[in-house]
Amino acid sequence: MNSISGVLSHPAPGTCGSVGRAVRLTLWVIGLGIALTGLFFLQPPVAVCKQDLPCLANITSSDALLIADPRGRILYRKNERKKFIPASTLKVLTGLAALEQLGPSYRFKTEFYVDSFHNLKVKGYGDPLLVSEILEELADVLSSKINRCQSIIMDDSYFSSEIAVPGCDGSTNPYDAPVGAICANFNTVGFNRDKNGRLFSAEKQTPLIPFARDRIRTLGLGPGRHTFLYDSRSAACYAGELLLYFLKERGVACEGPVRSGKVGPDDRLVHTYQSIFPLETVVKRMLAGSSNFMANQLFLAMGASIYGPPAKLTKGVDAVEGFVEKKIGLRDIKIVEGSGLSRENRLSALDMLAVLKQFKPYRHLLRQKDRVYYKTGTLTGVRTRVGYIDDGLGEYYYFVIFFNQPHHQMTATLECVQKTVARQR
């Protein structure tokens, strides 16, 4: 008998080896069957093999496209392993790494001390949402604790003073705003001019203090919102000048100037401000406004939290790359800063899919339109978009679109992706 069953049914008398070989053969066949079955179920859908998605024709060798089902199985793909410039879609990874390593409820802090010479000292830890309204509320609190101060001393030592974000070209556009341990209003100022050419603030909550007026005139800025600061020390000084303005409004007599310095061991802590915004809100605002400043504040603060101060870009890189290697299993991405501003950043569509899988519980932090949760990215000659598409049945499909050439067809490609997901229902 030549069949396996025949071998099992009729072993040679007294030959255990024959039975053993038959059993091993049976187990081998069963194992082979299981393996083949597994391979069958792990194979991508037929559409992947046929590559019959019309918008794949829009994807050149400089681009990538990937669509995956709610279980993360790839439906369509092209150039999915090739590394591309992610632009601002990198902020999804920065936000994810911060949320996972610092915690969604993490809150930035700012400390206030008084020394023996009646100086008010402010020590910052990188809060990206230290805005005029908060500074005014802090002046209310501080005016109940002190009635005078000699100088306001800004301690920005939690961040290195020599941070130069790759991709930042020193323009006055808000996306080039510098980072720092103490920053007010995203290191920007919004202003207009009246019919007589006089400057006035574009925001009722933010006074146009002399410090800002002098910078605006020196730089020759036109009306609008600009960054008017180019280093962390001047950024800390602006925050201190705003705080001084609000303190004086509340009757606190401050005689000396705002200057740089450090908190000493004998200085007395009088107040610790814990941000009213949990990290989840910070990330949501960062993604909604695609703020390079906020992304790199998170990037740097995360590095300092894990590896100790002062914050440096290298520590932020280590924090993010360490996270993706340990938690996501990615080992060959290239990250040089946290916002996507630099063209040196590199991710593949498959890398981004892995990030999106981990970010899925936080998808509500992304912008939303027509059942699409998404993040866009834009640099000269680069257009990117990644996110999730709600199929209307409570399931979410993943998509990654990278155009790294100027003649892109983003709108048509996105419409094609949405139609493809609709057909899956």
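Go through 271, 407, 118 and list them by solvent-accessible area, largest first, probe radius 1.4 Å.
On the way: 271 40, 407 155, 118 80 Å².
Largest to smallest exposure gives the sequence 407, 118, 271.
Using only alpha-carbon positions, what ratio does the radius of gyration of region 156-229 give when scaled by 2.2 N^0.38 Å? It would help to have the intermediate numbers written out before the result.
Working: Rg = 13.4 Å, N = 74, 2.2 N^0.38 = 11.3 Å.
It is 1.18.
Within the set 91/312; 91/334; 109/262; 91/123; 312/375, which residue pairs have Cα atoms separated by over 21 Å? The partial results should precede the final answer.
Values: 91/312 18 Å; 91/334 14 Å; 109/262 16 Å; 91/123 27 Å; 312/375 26 Å.
91/123; 312/375, as the Cα separations exceed 21 Å there.
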Within region 316-425, GluC sites (Glu not before Pro) in DSSP loop having at most 14 other beta-carbon neighbours inside 10 Å: 344
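Please say if region 371-417 is rounded, prolate or oblate, where rounded means a/c under 1.5 for a ≥ b ≥ c the square roots of the C-alpha gyration tensor eigenvalues, and otherwise the choice is prolate for a/b larger than b/c and oblate otherwise? Spell out each step's value before the answer.
On the way: a/c = 3.50, a/b = 2.26, b/c = 1.55.
Judged from the Cα gyration tensor, region 371-417 comes out prolate (a/c at least 1.5, a/b above b/c).
Which of the three applies to region 341-409, rounded, prolate or oblate, going by the alpha-carbon gyration tensor with a ≥ b ≥ c and a/c under 1.5 meaning rounded? Let's see the in-between values first.
On the way: a/c = 2.21, a/b = 1.69, b/c = 1.31.
Taking the square roots of the gyration eigenvalues as a ≥ b ≥ c, region 341-409 is prolate.
Full extension from residue 306 to residue 325: what is 0.36 nm times the residue separation minus their Cα-Cα distance, to one decimal in nm?
Details: separation 19, 0.36 × 19 = 6.84 nm, distance 1.55 nm.
Stretched out fully, the residue 306 to residue 325 stretch lengthens by 5.3 nm.
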Among 180, 261, 240, the residue with the largest mean-square fluctuation in a Gaussian network model of the chain built from Cα contacts under 10 Å is 261
Using a/c under 1.5 as the rounded threshold, could you call region 266-338 rounded, prolate or oblate? The axes a ≥ b ≥ c are square roots of the C-alpha gyration tensor eigenvalues, and prolate needs a/b larger than b/c, oblate otherwise. oblate
Excluding ligands and nucleic acids, what accessible area in Å² is computed for residue 186 using a 1.4 Å probe, to the nearest 10? 70 Å²
Between residue 334 and residue 262, how many nm apart are label points set 7 Å from Cα along the C-beta direction? 3.7 nm
Heavy atoms only, 1.4 Å probe, whole protein assembly: order 83, 326, 145 by accessible area, highest first. 326, 145, 83
Computed over the chain, protein heavy atoms only, probe 1.4 angstrom, the accessible area per residue in square angstrom equals 47 Å²
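Can you tell me the length gained on complete extension of the stretch residue 217 to residue 56, counting 0.36 nm per residue apart and subtracting the Cα distance? Walk me through the numbers before you get to the answer.
Details: separation 161, 0.36 × 161 = 57.96 nm, distance 5.13 nm.
Roughly 52.8 nm would be gained on extension.
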So what's the angle, to the nearest 10 degrees on a 0 to 90 scale, between helix 349-359 and the longest Cα principal axis of the chain? 70 degrees
Rounded to the nearest 10 Å², what accessible area does residue 307 have for a 1.4 Å probe in the complete protein model? 120 Å²
The helix 232-249 Cα axis meets the longest alpha-carbon principal axis of the chain at an angle in degrees, between 0 and 90 and rounded to 10, of 50 degrees
Compute the long axis of helix 132-143 from its Cα atoms, compare it with the longest principal axis of the Cα atoms of the chain, and write down the angle in degrees, 0 to 90, nearest 10. 60 degrees
Of the listed values [x] 5, 23, 35, 24, 10, 3, 0, 0; [y] 4, 19, 24, 19, 13, 9, 5, 3, 2, 1, 0, 0; [z] 5, 21, 28, 22, 13, 7, 3, 1, 0, identify the label whose number matches P(r) over Cα pairs in 10 Å bins from 0, in percent calculated from this model. [y]
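The values are calculated or read from the model by the stated rules, or taken from the named source; none is laboratory data. These numbers were taken from a predicted model, which means no experiment stands behind them. As a convention, Cβ positions derive from the backbone with ideal geometry for all residues, glycine included, and neighbour counts pool all protein chains shown. We work out accessible area using only protein heavy atoms, side chains counted, and drop any ligands, DNA or RNA first. Shrake-Rupley method; radii C 1.70, N 1.55, O 1.52, S 1.80 Å.
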